[in-house]
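Asks: First the structure, which I've put down as structure tokens, then a few questions once you've had a look.
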Amino acid sequence: MATVQKQAEGTAAAPDLDVDGVTRRSTLKWMTVAWIGFTAATVAGLTATMRFMFPNVLFEPPTRFKAGDPSTYSPGVDERWKEKYGIWIVRSTDAIYALVAVCVHLGCTPNWLAAQNKFKCPCHGSGYYVSGINFEGPAPRPLERAEITLSPDDGQIVVDKATRYLYERGQWSDPKAFIKMA
Amino acid sequence: MRWRQLQDQITASQLWKSIFRVGVPNTNRKRVLAMLGNVVLHLHPVKTRKSGVKMRYTWCAGGVTFFLFLVLTFTGLLLMFYYRPTVEYAFVDILDLREQVPFGIMREVHRWGAHAMVISVWIHMFRVFMTGSYKPPREFNWVIGVILLVLTLLLSFTGYLLPWDQLAIWAITVGSNMASATPLVGIQGPGTSLLKIGDIQLVTSTNDARFGLLGGRFVGAGALLRFYVLHCVGIPLVAAFLMAVHFWRVRKDGGISGPV
């Protein structure tokens, strides 16, 4: 510190110039404040711009919906909710489950081909059995199943697409992955 | 004699002199001043090397690309007078552009022009690569060019959705699903599942990269509008700015490269 001071005194030819109260020190101080302020404002502006692209309200169908009484489903694949919610309700011999109608390859909507007893994706040809298990085409894994329960109020089927059950994780035997039918 | 008088009167008028400031460009100095004093002419270099105008060497692929960009800007502007980017109207407006609008070929000009531009960009890059024109001091401009290639492809990608037919919707569904594989900010991306507080995932299907692109969880009204804005305004503005940089750098790095 002392050395620095001595040097400063020694170089008297370049003193801390004071022009109308503006010194090197005050300039540096205010420039620092200005740059920090500018950077903060820029970051805040960019963050606000990013946030602007994510709206607070989504005008999309809800992920949870009532799908009617279980007795209205006859054995086989039911397509009544496919258009609106992207869900197939399938009744097998002893259970009802909800298949998500999104191809696990690249996200297209497969078709139910009743004559060939399979789901077939028109985009790249992935094929799935009624169970949802893949057997042809590029699909890397079975279709996903959505949570399916019975409403305690009126006994209707309630499907929640937000909760998924994956075959490859052994989740299809989870009690909420199907409704037991006598 | 009277003809001569009239001519002198016109060329001596304030109107004439305010437009043609340099006079007859009959010396090299006047030619340079005429070029530099005009916003359109100054885009072209005052001098070019002989090799710079050899089609066999440059293929004019970059020039063709720029020309196609201008064609696409103009035809795209015309299409915007009829096309409405909403789920209700988009598809029928595309049909109307063909059936009900004079010169129904305009949309096809835009479409084929877009295909041609992607091809000419590749030819341009191929030429630049094969002639070694990416080498220093032009390496900076090569990078600008690569960004412009990506923007060209993004323009094609965003324009692909606008007809709003089955091909468009599913192509964009497939294409935008790739965004969900982005590291950390895509819902299926590597590392994303690690970002959580307790049991709550920070990145969900309503705030990941794919959602930002589509404005929804699937390709719907929000996606159509976003892609329209990006296609017509956002990406062209960025591309035009980078093109200005690109052409500027060609000049500053010694002009169009010639045979060694």
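Asks: Which of the listed residues, B:Phe74, B:Ala12, B:Leu149, is farthest toward the dipole's positive end in the range B:1-152, when Lys, Arg count +1 and Asp, Glu count -1 at the beta-carbon?
Replies: B:Ala12
Asks: What are the extents of the Cα atoms of chain B along their three principal axes, in Å, largest first?
Replies: Ordered largest first, chain B gives principal extents of 91, 51, 35 Å.
Asks: Applying the Karplus parametrisation 6.51 cos²θ - 1.76 cosθ + 1.60 with θ = phi - 60° to the phi angles of the range A:93-104, what ³J(HN,Hα) value in whole Hz is obtained for each residue in order, glycine and proline being reported as x?
Replies: Whole-Hz 3J(HN,Hα) from phi for the range A:93-104: 5, 10, 7, 10, 9, 10, 9, 7, 7, 10, 4, 7.
Asks: Rounded, prolate or oblate: which fits the range B:196-256 when a ≥ b ≥ c are the square roots of the eigenvalues of the alpha-carbon gyration tensor, with rounded for a/c under 1.5 and prolate only if a/b beats b/c?
Replies: Judged from the Cα gyration tensor, the range B:196-256 comes out oblate (a/c at least 1.5, b/c at or above a/b).
Asks: Against the longest alpha carbon principal axis of chain B, how many degrees, from 0 to 90 and to the nearest 10, is the axis of helix B:235-252 turned?
Replies: So the helix axis and the longest Cα principal axis differ by about 40 degrees.
Asks: Another one. Can you give me the relative contact order of the range B:190-243 as a percent, contacts being Cα pairs under 8 Å and 6 or more apart?
Replies: After rounding, I find 16 percent.
Asks: Something else about it: Which chymotrypsin sites (Phe, Trp or Tyr not before Pro) from the range B:68-141 combine a DSSP loop assignment with at most 13 other Cβ atoms within 10 Å?
Replies: B:Phe81, B:Phe103
Asks: While we're here: Chain A: longest stretch without exposed chymotrypsin sites (Phe, Trp or Tyr not before Pro) (DSSP loop, at most 14 other Cβ within 10 Å), sites themselves excluded?
Replies: My reading of the result: A:60-128 is the longest stretch.
Asks: For A:Arg64, enumerate residues with amide H under 5 Å from its amide H, sequence gap 5+ or separate chain, H modeled in the peptide plane.
Replies: A:Lys161
Asks: While we're looking at this one, here's another question. In whole percent, what relative contact order does the range B:147-260 give with Cα contacts below 8 Å and a gap of six or more residues?
Replies: 23 percent
Asks: Now for a different question. Compute the angle between helix B:166-177 and the longest alpha-carbon principal axis of chain B, please, reported from 0 to 90 degrees and rounded to the nearest 10.
Replies: So the helix axis and the longest Cα principal axis differ by about 80 degrees.
Asks: Let me ask something additional. Do any trypsin sites (Lys or Arg not before Pro) in the range A:61-95 lie in a DSSP loop with no more than 14 other beta carbon atoms within 10 Å, and if so, which?
Replies: Loop-located and lightly packed - A:Arg80.
Asks: Let me ask something else. Work out from phi, with θ = phi - 60° and the Karplus expression 6.51 cos²θ - 1.76 cosθ + 1.60, the ³J(HN,Hα) of each residue of the range B:106-117, listed in order in whole Hz, and give x for Gly and Pro.
Replies: Result, ordered by residue: 4, 5, 5, 4, 4, 5, 5, x, 5, 4, 4, 5 Hz.
Asks: Next question. So what's the net charge close to A:Arg80: Lys and Arg +1, Asp and Glu -1, counting the other residues with Cβ under 13 Å from its Cβ?
Replies: Summing Lys/Arg as +1 and Asp/Glu as -1 gives 0.
Asks: So who's got an amide H within less than 5 Å of the one on A:Leu150, skipping anything under 5 residues away but keeping other chains? H placed 1.01 Å off N, in plane.
Replies: A:Val158
Asks: Next up: Let me know the charge dipole size of the range B:108-244 about its Cα centre in debye, to the nearest 20, where only the beta-carbon of Lys, Arg (+1) and Asp, Glu (-1) is charged.
Replies: Dipole magnitude for the range B:108-244 comes out near 220 debye.
Asks: In a GNM of chain A with a 10 Å cut-off on Cα contacts, which of A:Ala115, A:Ala162, A:Ala44 has the highest mean-square fluctuation?
Replies: Most flexible of the set in this elastic network: A:Ala44.
Asks: In the range B:157-260, if every C-alpha pair distance is counted and binned at 5 Å from zero, what percent goes to each bin?
Replies: 2, 12, 16, 15, 13, 11, 10, 8, 7, 4, 2, 1, 0
Asks: While we're here: Going Cα to Cα from A:Lys29, which lysines come in below 29 Å? Please leave out same-chain ones fewer than 8 positions away.
Replies: In chain and number order, the partners are A:Lys6.
Asks: Between the range B:150-213 and the range A:145-182, what is the separation of their alpha carbon centroids in Å?
Replies: 27 Å
Asks: What 222 nm value per residue comes from the helices of the protein assembly as shown, counting each DSSP H run with n ≥ 4 as -39,500 (n - 2.57) and dividing by all residues, nearest 500 deg cm²/dmol?
Replies: That calculation yields -14000 deg cm²/dmol at 222 nm.
Asks: Another question about this same structure. Through the Karplus equation 6.51 cos²θ - 1.76 cosθ + 1.60, θ set to phi - 60°, convert the phi angles of the range B:77-91 into ³J(HN,Hα) values in whole Hz; use x for Gly and Pro.
Replies: Once rounded to whole Hz, the list reads 4, 5, 4, 5, 6, 10, 8, 10, x, 10, 4, 5, 10, 3, 5.
Asks: Are there cysteines in the protein assembly as shown with no other Cys C-beta under 4.7 Å, and if so, which?
Replies: B:Cys60, B:Cys232
Asks: Moving on to the next point. Quote the relative contact order of the range A:22-153 in percent (integer), defining contacts as alpha-carbon pairs under 8 Å separated by 6+ residues.
Replies: 13 percent
Asks: For chain A, state the semi-axes of the equivalent ellipsoid (square roots of 5 times the eigenvalues of the alpha-carbon gyration tensor), sorted largest first and rounded to whole angstrom.
Replies: Over the Cα atoms of chain A, the semi-axes work out to 68, 19, 16 Å.
Asks: Shape verdict for the range B:55-156, please, from the Cα gyration tensor: rounded (a/c under 1.5), prolate (a/b greater than b/c) or oblate.
Replies: Prolate, because a/c is 1.5 or more and a/b exceeds b/c.
Asks: Please determine, in degrees from 0 to 90 and to the nearest 10, the orientation of helix A:24-52 with respect to the longest principal axis defined by the Cα atoms of chain A, where the helix direction is its Cα long axis.
Replies: Here the helix axis deviates by roughly 10 degrees.
Asks: Here's something else I'd like to know. Find which of A:Ser126, A:Ile96, A:Val77 sits farthest along the positive direction of the dipole of chain A, computed with +1 on the beta-carbon of Lys and Arg, -1 on that of Asp and Glu, about the Cα centre.
Replies: Checked the options; the winner is A:Ser126.
Asks: Rounded, prolate or oblate: which one fits the range A:74-182, using the alpha carbon gyration tensor with axes a ≥ b ≥ c (rounded when a/c is under 1.5, else prolate when a/b beats b/c, else oblate)?
Replies: prolate
Values quoted throughout were computed directly from the atomic coordinates according to the rules given, and no laboratory measurement underlies them. A quick note: this is a predicted structure, and the numbers were derived from the prediction, not measured. Every residue, glycine as well, gets a Cβ built from its backbone with ideal geometry; the counts of neighbours run over all protein chains shown.
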